[in-house]
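In what follows, a structure is listed as structure tokens, so that the remarks can point back to it.
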Amino acid sequence: MNRADGLARLAAERFDVLIVGGGATGLGAAVDAAARGFRTGLIEAEDFASATSSRSTKLIHGGVRYLQQGDIGLVREALHERTTLLRNAPHLVRDRAFVVPAYRWFELPYYGAGLAAYDLLAGWGNAFGRSRIVGPRAAQALIPGLRGAGLHGAIVYHDGQFDDARLAVTLARTAVDRGAAVANYVRATSFVYDGARIAGVRAREREGEAEFTIGARVVVNATGIFVDELRRLDAPQAPALLAQSRGSHIVVRAAALGDAQAGLLVPRTPDGRVLFALPWHEHVLIGTTDIAVAGPELDPQPTGAEIAYLLETVNRYLARPLGESEILAAWAGLRPLVNRRATRTAALSREHLIDVAPSGLVTIAGGKWTTYRKMAADVVDAALRVGELPPTPPATEHLPLHGARDVGALDERLRVYGTDAEAVLALERDDPSLAAPLDPRLPYTGAQVVYGARNEMAQTVDDVLARRTRALFLDAAGARASAPAVAALLAAELGRDAAWQRDQLAAFDALALRPPAPAAP
Ligand SMILES: Cc1cc2nc3c(=O)[nH]c(=O)nc-3n(C[C@H](O)[C@H](O)[C@H](O)COP(=O)(O)OP(=O)(O)OC[C@H]3O[C@@H](n4cnc5c(N)ncnc54)[C@H](O)[C@@H]3O)c2cc1C
């Protein structure tokens, strides 16, 4: 996947479908449109998945919470997508066992029945493990760090887990494999019209600031929490379709759960939510919160009160409570929540909606990572109607994503590359200086930086350390210590000078030094 090629094509070609926004939704739509055979372009203002799509809880799930709310249709659809994604991207999605501990007797039959229903909704062909009730000893064998005192037993159920930013870059590559023109760091700044109809966008490459026109039969607005901002470039008075809520996470060492292979689900927190503590890339991720916020922002931060809440809630279930000093990384994302009262046009599902403006701008908003493929099919159907393009059925249900393979023997660091792992290993064999970890706290090597620059459009130190690898999400101090080596390798790959490296390091330090906020509210 070559960025210069993508840019050249975006400036030169006219597209059937042009997608603005390179998160889960936009990238999924690009794969869908390209797989149906349409001339497809996609631009992302920053890096792929740099907004909400790299900051999820990393679950491909039906949603135990939606089940509690009785949203059966939604759960069934998401569980179907869970199996589809495991089949199409086995290198990025895995079956993960979760333990729901019961410290009161009635919880075993109560949650056991709920999770049996979850299994039933997954239906025939479910590729994930079945739920079962286990005794306290078996529960602690799955999570050695689980508090034993008062534990009656547990329900063990299964769900999907994934690497969100890696899935995003994989979707970008799949779209390119299918003929789409794709580039990051290209922002849509305004629309171009043919009469009253949108006929493309004006776009600007962040670095060069040169504006150019990208022509298209139909433009899809898939800018996530920013959809209303883009809609208002077309219709300044358009009412807001979205509200946002912040969800925060903390990351600690795997030892917090006693090196568990299973995740912990707290089914009911004091404020009536669910909370997860789950193994992820040899660490433990704990989340999340739900705090209404005033508007979209690119890099939301967890507050001290949220961090205190996460620690306090998970500590009720741990044999050895976690301290604030054990937090290695903390990060937050903003949920795109559909504002039902403001919706004018067709609401296609309770989770996402599609809005068609009088100008023909097709906006998709809401949803979740798990259902990105279904959302993509819905929005491309709408785009074909608006663009008067030939009706063509979706073609992604059985489309393996880029690199898809059975990852059997690959370790955690390499499995996300799938079939491309061999190319990373070849770089390490050819130049042993690229084979050593960039920092002893993390497994990532220089070869991954070089591979990211050459094949995955990595443009900045942050692209490499936050999303091509997940260093910044796992261990902020380890990521910061890796940054100088990453800047030097990227500069050599991208032809940048010493001043660029200094700027990159200053910018990355600002990100990595953000304190895991103190526990005081
Ligand atoms: C805390 C949290 C936890 C979550 N956990 C889960 C989970 O476990 N499982 C699950 O299935 N879902 C989860 N979700 C939901 C899921 O992450 C989101 O639904 C999904 O990532 C939204 O993707 P998106 O593409 O719509 O938006 P984004 O990822 O925000 O992408 C929009 C993109 O548009 C770009 N953009 C904006 N303006 C422009 C412009 N003018 N020109 C070009 N590009 C532009 C932005 O830079 C951005 O990259 C979670 C969400 C949050 C917040």
What percent do you get for the relative contact order of the range 412-512 when only Cα pairs under 8 Å and 6+ apart count? 22 percent
Potential extension, R206-A113 segment - 0.36 nm per residue separation minus Cα distance: 28.2 nm
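Compute and list, largest first, the equivalent-ellipsoid semi-axes of the range 106-250 from the alpha carbon gyration tensor, each √(5λ) rounded to a whole angstrom. Each step should come with its number before you reach the end.
On the way: eigenvalues 473, 67, 57 Å².
Square roots of five times the eigenvalues give 49, 18, 17 Å.
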Checked against the positive end of the charge dipole of the chain (+1 on Cβ of Lys and Arg, -1 on Cβ of Asp and Glu, about the Cα centre), the farthest of L151, S359, L442 is L151
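Would you compute, from DSSP H runs of 4+ residues alone, the mean residue ellipticity of the chain at 222 nm, taking -39500 (n - 2.57) per run and dividing by the full residue count, rounded to the nearest 500?
Details: 16 runs with 178 residues, N = 521.
Helices in the chain give a 222 nm mean residue ellipticity of -10500 deg cm²/dmol.
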Could you tell me the distance between the Cα centroids of the range 307-324 and the range 417-477, to the nearest Å? 32 Å
Within the under-10-Å Cβ sphere about V266, not counting V266, Lys/Arg +1 and Asp/Glu -1 give a net charge of +3
Cα centroids of the range 146-192 and the range 1-62: how far apart, whole angstrom? 13 Å
Whole number in Å², please: accessible area per residue of the chain, 1.4 Å probe, ligands, DNA and RNA not counted. 38 Å²
Simple spin-label model, 7 Å along Cα-to-Cβ: E412 to Y193 in nm? 5.4 nm
Please go through the range 56-145 and write out the chymotrypsin sites (Phe, Trp or Tyr not before Pro) that DSSP classes as loop and that have at most 10 other C-beta atoms within 10 Å. W105, F106, W124
E324-A255 pseudo-label distance in nm [points 7 Å out on the Cα-to-Cβ vector]: 2.1 nm
Projected label distance in nm at W105 and A12, using a 7 Å step from Cα toward the beta-carbon: 7.6 nm
Average Cα contact separation per residue, the chain, under 8 Å, 6 or more apart, as relative contact order %: 19 percent
Accessible area of the chain with a 1.4 Å probe: how many percent of it is carbon plus sulfur? 55 percent
Ranked highest first by the average count of other Cβ atoms within 10 Å around their residues, in what order do 158-170, 133-145 fall? 158-170, 133-145
Which FRET efficiency, nearest 0.05, do D430 and Q69 yield, Cβ-Cβ r, R0 45 Å? 0.25
Extension gain, A294 back to A127 (0.36 nm per residue minus Cα-Cα distance, nm): 56.1 nm
Using a simple charge model, +1 on the beta-carbon of Lys and Arg, -1 on the beta-carbon of Asp and Glu, nothing else, what dipole does the range 79-173 show about its Cα centre, in debye to the nearest 20? 200 debye
Rounded FRET efficiency, nearest 0.05, which uses the C-beta distance separating L233 from L513 and R0 of 41 Å: 0.75
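The values are calculated or read from the model by the stated rules, or taken from the named source; none is laboratory data. The shown structure was predicted, so the numbers you read here are calculated from the model rather than taken from an experiment. Quick reminder, even Gly has a Cβ in these numbers, built from the backbone with ideal geometry, and neighbours come from all protein chains shown. These accessible areas exclude ligands, DNA and RNA; they are computed on the full protein's heavy atoms, side chains included. Shrake-Rupley method; radii C 1.70, N 1.55, O 1.52, S 1.80 Å.
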